[in-house]
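S.K.: The structure that follows is given in the form of structure tokens.
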Amino acid sequence: MTESYSVKAILSAVDNMTPVFQNVANVASKLKGTIQGSTSGADKPVQNLNNTFKETAKAIGAMQIASKAIGAITNSVGDAVNRMDTLNNATRTFTNMGFNSSQITSAMAGLKNSIMGLPTPLDQAVKGVQMIAASTGNLGKSQKVYSALNDAIIGFGGSTADVNNAVIQLSQAFANGKVDGMTWISMMNSNMGPVLNAIAKQMGMTTGQLKDGLSSGKISVKDFQNALVELDQSGGGGLASLHSIAKDATSGIGTSFQNMKTAISRGLANLIQSVSQFMQAISGSSIADIITNIGSGFEKAMNSISVALKAVTPTIKSFFDFMKSSGLGDIFSALSTGLLTFIGTFLGLLGVVQIISTVKKCFYCARRCYDC
């Protein structure tokens, strides 16, 4: 029976056994003075055995730590792929919205930097910027507004879901040119109360006056956005910068673990992107292209099998009918089941072999280029 022992349990067992081993060593040491020859150095093997137990426990502990590290990396591969897809899709989306490459590069760099160390997922952040940019028509400004909202809400105990809700409400308000009462309530429910109070102080008015001014349009959404961004970057109204507040609010152990996972995903995404670009340069096909080709190859193989089965169906059916009319149907039915299973499996294997052959060719080409 296989059992799994924790490092803590093993070390505890070794510590408990140490006095026993030491007593045996002391007895052996006393016997050494009276018994000649065979008992000489009897304490040394016991001490060596004790040390061996400790070294074994340490080795097992190191192996478990290494296993956890490898598991963390393996589990982050999916997140890394999603991150890479998010960045690539964001570039296409912003391009389709009419923004140029320099604007997109600058905005994405600012966004990634603003959420680094925070629990905000990249895909959610990109979607938030897209919603605001659709309302403002200014990508750079939209990124700064989103980052300010994210910091404002996360910094005062809100969740990423609260950020998403507030962004949805505010993007609609920005498009309408007014921050109405429902949007104000949404901001308050998202823990933005301290931030709204600070903005009001910065503007020299009460929070109630800020609410009325935004709702009536006397205070423009542009002024509100500027005040929010200023508060995020420099602070004001009795508050430190919102970004520093958000950083301080998420410095706990749980968030640190999440940040560690995000960092691993970020590193893996960069690695996958580099490998994809390398494959694209040497073979003309990126990782996505290769995976697509494998899927197409499998589909073609299955279609070939389908055509072959349709072609032989009439012949096999005639043979079965003949066997039934000869009185051998029951006997042959059992044999035919196994035969058809074998044929289906064999044809399926042929399709798999074709796919493996295609993959081998891709990696063989990559290896030859790498050796060069």
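S.K.: By how many nm would the segment from Ser244 to Ser326 grow when fully extended, if each residue of separation counts as 0.36 nm and the alpha-carbon distance is taken off?
M.R.: On the way: separation 82, 0.36 × 82 = 29.52 nm, distance 8.80 nm.
Answer, rounded to one decimal: 20.7 nm.
S.K.: Please work out how much length the chain gains when fully extended from Lys310 to Asn96, using 0.36 nm per residue of separation minus the C-alpha to C-alpha distance, in nm with one decimal.
M.R.: Working: separation 214, 0.36 × 214 = 77.04 nm, distance 4.60 nm.
Gain in length upon complete extension: 72.4 nm.
S.K.: Would you work out the relative contact order for region 86-210, in percent, from Cα pairs under 8 angstrom that are 6 or more residues apart? Walk me through the numbers before you get to the answer.
M.R.: Values: 111 pairs, mean separation 24.5, N = 125.
Answer for region 86-210 is 20 percent.
S.K.: Could you work out what % of the accessible surface of region 69-222 is carbon and sulfur, using a 1.4 angstrom probe and leaving DNA, RNA and ligands out of the count? Present the calculation step by step, with values, prior to reporting the outcome.
M.R.: Numbers: 3540 of 6950 Å².
Within region 69-222, the accessible surface is 51 percent carbon and sulfur.
S.K.: Among the listed pairs Lys127/Lys222; Lys141/Lys178; Lys127/Lys218; Lys112/Lys178, which are separated by more than 27 Å between their Cα atoms? Please list the in-between numbers first.
M.R.: Numbers: Lys127/Lys222 21 Å; Lys141/Lys178 18 Å; Lys127/Lys218 29 Å; Lys112/Lys178 29 Å.
Cα-Cα > 27 Å for Lys127/Lys218; Lys112/Lys178; rest within.
The values are calculated or read from the model by the stated rules, or taken from the named source; none is laboratory data. Fair warning: this is a prediction, and the values are worked out from it, not measured in the lab. The protein model used for the area step is the full one, side chains on, heavy atoms only, and it has no ligands, DNA or RNA in it. Shrake-Rupley method; radii C 1.70, N 1.55, O 1.52, S 1.80 Å.
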